[in-house]
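The values are calculated or read from the model by the stated rules, or taken from the named source; none is laboratory data. Here the structure is a predicted model, which means the values were calculated and not measured. As a convention, Cβ positions derive from the backbone with ideal geometry for all residues, glycine included, and neighbour counts pool all protein chains shown. SASA here: full protein model, heavy atoms, side chains in, ligands and nucleic acids out. Shrake-Rupley method; radii C 1.70, N 1.55, O 1.52, S 1.80 Å.
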Amino acid sequence: MYDEEQQPGAVEHGPLAGFTVGVTAARRADELGALLQRRGGAVLHAPALRIVPLADDGELLAATKEIIDQVPDVVVATTAIGFRGWIEAAEGWGLGEQLLGGLRGAELLARGPKVKGAIRAAGLTEEWSPSSESLAEVLDRLLEEGVDGRRIAVQLHGEPLPGFVESLRAGGAEVVPVPVYRWMPPEDITPLDRLLDATVSRSLDALTFTSAPAAASLLSRAEDRGLLTDLLSALTHDVLPACVGPVTAVPLQAHGVDTIQPERFRLGPLVQLLCQELPARARALPIAGHRVEIRGHAVLVDGALKPVPPAGMSLLRALSRRPGWVVPRADLLRALPGAGRDEHAVETAMARLRTALGAPKLIQTVVKRGYRLALDPATDAKYADA
């Protein structure tokens with residue numbers, strides 16, 4: 001029997017070692033990528049959108065002047081970067097002090113601690129902030145207090161927050177949207193296409209989303225390229241979609257894709273959730289006296305990480321679907337990407353796979369038939385009728 005703790009080849013590695021995670025974020029992508037890499041993961045980043053400040057946009061200027069001329073009853077600040085951008089834009093127009101004066105006369109609500117920090121840095125004080133950091137809780141508070149006849153300014157950040165704004169208007173409020181930033185497609189679409197291709201080809205193990213517009217942008221690009229069905233299939237069956245929170249997940253859920261989300265809507269908890277979920281999804285088998293765990297682009301053999309070429313991973317996955325059974329060369333050839341019709345490609349890829357694993361006896365050659373995983377006899381019966 002194997003015992004991972006007693007194997008001399010076992011070395012320390014992060015919980016995401018052997019997995020590849022896609023990152024769609026435009027903002028804080030470096031931070032998210034660093035968190036993933038520190039835990040051993042490989043990262044493929046492509047911003048699904050870009051954030052364009054509206055400092056020269058007449059829409060933001062008009063909203064700012066409207067708030068200065070007629071101070072609202074309530075101002076809802078939704079993001080720190082958006083609130084700071086609004087104040088900076090107003091200062092650029094020479095309206096900074098007037099805007100701050102107007103905000104001091106309103107009930108200022110902050111969605112979370114980062115927004116509170118931006119408000120206080122501007123010399124203002126928030127009236128209230130939800131412990132959940134959720135706009136839903138802000139909305140509940142406003143509706144409970146009653147919004148009929150009240151004038152409420154809502155600082156937007158890239159997306160129009162239709163459910164939030166519409167609920168306030170349905171309650172009788174006059175809503176003044178303050179659009180500080182706008183989401184736009186990336187200037188260079190090539191990285192996003194590479195990320196999309198990697199998802200569809202199952203080269204990724206997980207795909208992360210930190211905003212609803214990023215998810216919507218990826219879906220839109222897939223539709224433009226005729227890959228939407230393939231993308232949805234990959235996210236439903238093979239590539240784990242991970243969202244920072246329920247609002248971010250809405251575009252995916254609208255297409256029937258279930259996602260995982262951390263309890264706290266932050267990057268750290270999102271990464272910790274991936275550290276739990278991805279290893280739990282990996283296939284672990286007792287083979288030839290070793291514990292073999294098959295991950296995205298690598299294999300753990302008795303706890304030691306063994307990087308494996310893509311062709312070798314394709315063969316290993318094909319063998320692991322029926323552990324202990326003989327898989328014909330023809331079937332393995334079909335599993336190799338772009339291998340053509342020459343079964344010699346199987347032998348070449350198999351030799352490299354055995355070398356990468358460092359334990360040649362894990363895979364047995366069955367003369368004139370094919371190959372099989374040398375499943376331990378004690379567990380052979382478990383898979384006999386698989």
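Quick check, is Asp148 surrounded by fewer than 18 Cβ atoms within 10 Å (Cβ to Cβ) and part of a helix (DSSP H, G or I)?
Values: surrounded by fewer than 18 Cβ atoms within 10 Å (Cβ to Cβ): yes; part of a helix (DSSP H, G or I): no.
No: the conditions fail for Asp148.
Looking only at segment 260-298, how many residues end up being crowded, with 16+ Cβ neighbours inside 10 Å and over 23 Å from the mean Cα position of the chain (by Cα)?
Matching residues across segment 260-298 total 8.
Within segment 112-134, track down each residue that is part of a loop (DSSP other than H, G, I, E, B) and closer than 19 Å to Leu99 by Cβ. Can you show your working first?
The first filter runs over segment 112-134 and keeps only residues part of a loop (DSSP other than H, G, I, E, B), leaving 112, 122-127, 129-134.
Across segment 112-134, the qualifying residues are Ala122, Gly123, Leu124, Thr125, Glu126, Glu127.
Looking only at segment 172-210, which residues are of a type in the set (Gly, Ala, Ser), surrounded by fewer than 18 Cβ atoms within 10 Å (Cβ to Cβ) and either modelled with pLDDT of 95 or more or within 30 Å of Ala110 (Cβ to Cβ) (or both)? Don't jump to the end; show me each part of the working.
The first filter runs over segment 172-210 and keeps only residues of a type in the set (Gly, Ala, Ser), leaving 172-173, 198, 201, 203, 206.
Among the residues that remain, those that are also surrounded by fewer than 18 Cβ atoms within 10 Å (Cβ to Cβ) are: 172, 201.
Of everything in segment 172-210, just one residue is of a type in the set (Gly, Ala, Ser), surrounded by fewer than 18 Cβ atoms within 10 Å (Cβ to Cβ) and either modelled with pLDDT of 95 or more or within 30 Å of Ala110 (Cβ to Cβ) (or both), namely Gly172.
Mind telling me which of the residues Leu139, Leu109, Leu143 ends up being within 30 Å of Ala216 (Cα to Cα), open to solvent by 70 Å² or more (accessible area, probe 1.4 Å) and of a type in the set (A, V, I, L, M)? Full working, then the answer.
Working: Leu139 fails: open to solvent by 70 Å² or more (accessible area, probe 1.4 Å); Leu109 fails: open to solvent by 70 Å² or more (accessible area, probe 1.4 Å).
Just a single option satisfies the conditions, and that option is Leu143.
For Glu137, indicate whether it is farther than 30 Å from Leu49 by Cα, out of contact with any Lys or Arg (no Cβ under 7 Å at 6 or more places or on another chain) and assigned to a helix (DSSP H, G or I).
Numbers: farther than 30 Å from Leu49 by Cα: no; out of contact with any Lys or Arg (no Cβ under 7 Å at 6 or more places or on another chain): yes; assigned to a helix (DSSP H, G or I): yes.
Taking the combined requirement at face value, the residue does not satisfy it.
Under 9 Å between Cβ atoms, which residue pairs at least 6 apart in sequence (or on different chains) link something in segment 26-52 that is farther than 15 Å from Leu278 by Cβ with a partner that is outside any loop (DSSP other than H, G, I, E, B) and among the basic types (Lys, Arg)?
Going by the 9 Å Cβ cut-off, the qualifying pairs are Ala26/Arg50; Ala46/Arg194; Ala48/Arg221; Ile51/Arg182; Val52/Arg182.
Does Thr248 satisfy the condition of being open to solvent by 30 Å² or more (accessible area, probe 1.4 Å), closer than 14 Å to Val23 by Cα, touching a residue at least 12 places away in the same chain (Cβ under 8 Å) and under 12 Å from the mean Cα position of the chain (by Cα)? Break it down stepwise before answering.
Details: open to solvent by 30 Å² or more (accessible area, probe 1.4 Å): no; closer than 14 Å to Val23 by Cα: yes; touching a residue at least 12 places away in the same chain (Cβ under 8 Å): yes; under 12 Å from the mean Cα position of the chain (by Cα): yes.
Criteria not met by Thr248.
Pull up segment 309-319, narrow it to residues that are more than 12 Å from Gly370 (Cα to Cα) and open to solvent by less than 10 Å² (accessible area, probe 1.4 Å), then point me to the one that is nearest to the chain's Cα centre (by Cα).
Filtering segment 309-319 for residues that are more than 12 Å from Gly370 (Cα to Cα) and open to solvent by less than 10 Å² (accessible area, probe 1.4 Å), the one nearest to the chain's Cα centre (by Cα) comes out as Met313.
Which residues, counting only those in segment 32-46, are out of contact with any His (no Cβ under 7 Å at 6 or more places or on another chain) and closer than 12 Å to Thr208 by Cβ?
Leu32, Leu35, Leu36, Gly41, Val43, Leu44, His45, Ala46
Taking Leu232 as meeting all but one of (1) modelled with pLDDT of 95 or more; (2) under 18 Å from Ala25 (Cα atoms); (3) among the hydrophobic types (A, V, I, L, M, F, W, C); (4) open to solvent by 30 Å² or more (accessible area, probe 1.4 Å), write down the number of the exception.
Checking Leu232 against (1) modelled with pLDDT of 95 or more; (2) under 18 Å from Ala25 (Cα atoms); (3) among the hydrophobic types (A, V, I, L, M, F, W, C); (4) open to solvent by 30 Å² or more (accessible area, probe 1.4 Å), the one that fails is (2).
For residues that are open to solvent by 20 Å² or more (accessible area, probe 1.4 Å), in a strand (DSSP E or B) and modelled with pLDDT of 85 or more, scanning just segment 21-53, find the one that is farthest from Arg281 (Cα to Cα).
Our first condition is that a residue be open to solvent by 20 Å² or more (accessible area, probe 1.4 Å); within segment 21-53, this holds for 26-28, 30-31, 34-35, 37-40, 42-45, 47, 50-53.
Applying the additional criterion that residues be in a strand (DSSP E or B) yields 42-45, 50-53.
Right, trim to modelled with pLDDT of 85 or more and you get 42-45, 50.
On the way: Ala42: 17, Val43: 18, Leu44: 20, His45: 22, Arg50: 32 Å.
Taking the candidates together, the pick is Arg50.
Of everything in segment 54-87 that's assigned to a helix (DSSP H, G or I), acidic (Asp, Glu) and modelled with pLDDT of 90 or more, which residue is surrounded by the most Cβ atoms within 10 Å (Cβ to Cβ)? Working first, answer last.
If we filter segment 54-87 for residues that are assigned to a helix (DSSP H, G or I), which is where we start, we get 58-69, 80-87.
From what is left, the residues that are acidic (Asp, Glu) are 59, 66, 69.
Those left that are additionally modelled with pLDDT of 90 or more: 66, 69.
Numbers: Glu66: 16, Asp69: 9.
The residue in question is Glu66.
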